[in-house]
Amino acid sequence: MLDEVERWLKSRTWSAADRPLEELLAAKHAAGSRGTVSVVLPALDEEATVGAIVAAIRGRLMAPDGVPLVDELVVVDSGSSDGTAEVAARAGARVVRRDEVLPRLPVLPGKGEVLWRSLLATRGEIVCFVDADLRDFDPSFVSGIVGPLLTEPDVHLVKAMYDRPLESGGQVVPAGGGRVTELVARPLLNLHWPLLAGFVQPLGGEYAARRPLLERLPFPVGYGVELGLLVDALDAVGLDGLAQVDVGVRHHRHQDGQALGRMAAAIYRTAQSRLQHGHLVRPRLTQFDRAAGGFRPTTHAVDTDERPPMATVPEYAARHAA
């Protein structure tokens with residue numbers, strides 16, 4: 001198994017610099033309709049960062065200002081209470097309200113829900129997801145992970161990999177980010193799906209995939225979506241259908257410890273459902289805060305819902321038939 005992972009690391013790990021934009025544009029042109037690219041930013045109260053990300057993508061990777069690599073740029077707003085939608089639209093994104101996509105289905109809370117619905121709101125044959133809370137954003141996050149899908153016909157899903165410094169209280173720990181990855185996701189993958197042990201950032205929110213793969217995978221509605229998609233993609237296309245690209249350094253807003261605990265519970269639940277066919281002993285997480293008189297417990301539901309493969313949704317099938 002270790003030899004297989006090492007072989008994969010050598011053959012399916014690249015740097016964003018390995019594929020210049022000129023090469024990607026030539027490959028996109030040769031691919032025709034199969035080379036159309038949609039970029040999706042799921043956003044909730046990200047007015048401080050979403051505009052700069054949109055502007056960077058439009059200015060570098062979209063016509064008329066940049067090279068025409070990206071065909072559409074969509075921000076899916078999942079109920080922001082700030083100016084996220086307005087900022088994104090001013091910067092040049094098409095803004096879609098989560099609740100207006102597939103309105104016959106009541107909305108469930110969670111990032112995975114937004115990503116799943118975004119398949120109905122976009123048309124590109126390559127779909128690239130980018131988190132909307134990134135700072136100092138470099139467009140190579142997009143071109144880097146889209147690149148192998150344009151140049152390697154056997155690759156179906158590409159994850160970004162990067163350094164994740166932990167920035168807190170004016171202090172920077174160079175490799176201190178990704179705490180849920182190191183404490184939960186990486187042990188789970190190494191123990192239960194060892195073929196995925198080579199992924200540097202398995203939970204990273206920046207990844208691109210071919211639409212025919214995404215439309216036949218279930219989407220956990222919450223924080224477990226990245227792990228669920230990676231595990232299910234391994235089953236669907238095999239290890240050599242997956243790849244990763246080094247895009248440098250990722251700067252973003254960090255969650256507090258309790259939020260990370262809820263993320264960890266959702267990720268563990270996603271793994272558990274794939275290992276035990278949906279059996280869940282207790283889909284809740286109790287956490288504690290100190291209050292007057294002692295510690296106060298607060299219990300949160302753990303995400304347990306999943307959306308079915310988009311290919312099974314009648315509205316999606318009808319749109320593609322048309």
Check: Do we find a residue being of a type outside the set (G, A, S), over 20 Å from the mean Cα position of the chain (by Cα) and outside any helix (DSSP H, G or I) anywhere in region 36-59?
Finding: no
Check: Which pairs have Cβ atoms under 9 Å, sit 6 or more apart or on different chains, and link a residue in region 298-322 that is under 13 Å from P220 (Cβ atoms) and modelled with pLDDT of 80 or more to one that is in a strand (DSSP E or B) and not acidic (D, E)?
Finding: D305/P220; E306/F219; E306/P220; R307/F219; R307/P220; P308/F219; P309/F219
Checklist line | From L275, L285, L280, residue being in contact with a His (Cβ under 8 Å, 6 or more places away or on another chain), modelled with pLDDT under 90 and not in a strand (DSSP E or B) | finding: L275
Notebook entry, point to check: Which one of these is outside any helix (DSSP H, G or I) and either of a type outside the set (A, V, I, L, M, F, W, C) or more than 27 Å from V107 (Cα to Cα) (or both): V184, V200?
Noted result: V200
Margin query: Would you confirm, using the coordinates I've provided, whether A266 is more than 30 Å from D138 (Cα to Cα), at pLDDT 75 or above and either hydrophobic (A, V, I, L, M, F, W, C) or within 18 Å of the chain's Cα centre (by Cα) (or both)?
Written below: no
Check: Quick one: would you say R117 is within 15 Å of the chain's Cα centre (by Cα), outside any loop (DSSP other than H, G, I, E, B) and at pLDDT 95 or above?
Finding: yes
Notebook entry, point to check: Only one of (1) more than 13 Å from A52 (Cβ to Cβ); (2) assigned to a helix (DSSP H, G or I) is not met by F141, so which one is it?
Noted result: (1)
Notebook entry, point to check: So which residues in region 199-245 are at pLDDT below 95, in contact with a Phe, Trp or Tyr (Cβ under 7 Å, 6 or more places away or on another chain) and either surrounded by fewer than 21 Cβ atoms within 10 Å (Cβ to Cβ) or among the acidic types (D, E) (or both), if there are any at all?
Noted result: none
Check: If K10 passes every condition in (1) more than 23 Å from the chain's Cα centre (by Cα); (2) in contact (Cβ under 8 Å) with a residue 40 or more places away in the chain but one, which one does it miss?
Finding: (2)
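The values are calculated or read from the model by the stated rules, or taken from the named source; none is laboratory data. Predicted model only: the values in this text are computed from it and were never measured. FYI the Cβ positions are ideal-geometry reconstructions off the backbone, even for glycines, and counts take in every protein chain you see.
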